[in-house]
Amino acid sequence: MKKLTFLALAAGLSISSSVLAKHPGNEEIQLPIYIISAAEDGEPGTTLENTVRTYIENYHEGDFQEMISVLHKDFTNQGLNHDGKLSERQNAQDLKRLMQGQTQIAPELQENIITVTGIEDNVATVLLETGTDVARWNEYITLEKENGKWKVKKVFWSFK
């Protein structure tokens, strides 16, 4: 399925239809096929993956100005520490302070795995596996479309 999606994206195809499948009881059920379209490279917010990639790569690189371009105006970030205690809720400015002085990691050295887990109208959820070789964590991200662009609204993280 990943190869089919990649080929459709590479060819710049749009697919919007459904497929009929035979159910074991000889009943036909309709399976949805989601719209797949190629996005322009380098435009944060045009796709979920691109938005999350812009957020996390710039977080690890320490580029707050680029990262904030994909953050929702009501952005929040919270998670579970190693001791199992809930961290304090952070906003974008808190995240900016956290980024100051951190070790910067170039995008080609990052190991970010982005999985879209749900889309409903103007809200989507994504699982991001990220971190360094010292510490890896999952980020459960809620995105919302704002003026036609996806924005990272809420992040909940936990260490692996």
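Just a few scattered comments:
- Boolean, H82 is in contact with a strand residue (DSSP E or B) (Cβ under 9 Å, 6 or more places away or on another chain), at pLDDT 95 or above and not acidic (D, E): no
- Restricting the range 85-116 to residues that are farther than 18 Å from T51 by Cα and hydroxyl-bearing (S, T, Y), the residue that is modelled with the lowest pLDDT: T103
- The residue that is farthest from I114 (Cα to Cα), counting only those in the range 124-140 that are in contact (Cβ under 8 Å) with a residue 60 or more places away in the chain and touching a Ser or Thr at 6+ places or on another chain (Cβ under 7 Å), is E139.
- The strands (runs of 3 or more DSSP E) falling completely within the range 120-160 that include 1 or more residues that are under 12 Å from the mean Cα position of the chain (by Cα) and of a type in the set (S, T, N, Q) map to 123-131, 136-146.
- Where N26 falls short, out of the listed (1) outside the structural domain of E139 (by TED's automatic domain parsing); (2) at pLDDT 95 or above: (2)
- Residue list for the range 77-89, filter: surrounded by fewer than 17 Cβ atoms within 10 Å (Cβ to Cβ) and either within 18 Å of the chain's Cα centre (by Cα) or without any contact (Cβ under 8 Å) to a residue 60 or more places away in the chain (or both): Q78, D83, G84, K85, L86, S87, E88, R89
The values are calculated or read from the model by the stated rules, or taken from the named source; none is laboratory data. Please read these numbers as outputs of a predicted model, since none were measured by experiment. Positions of Cβ are generated from backbone atoms using ideal geometry, with glycine treated the same way; all protein chains shown enter the neighbour counts.
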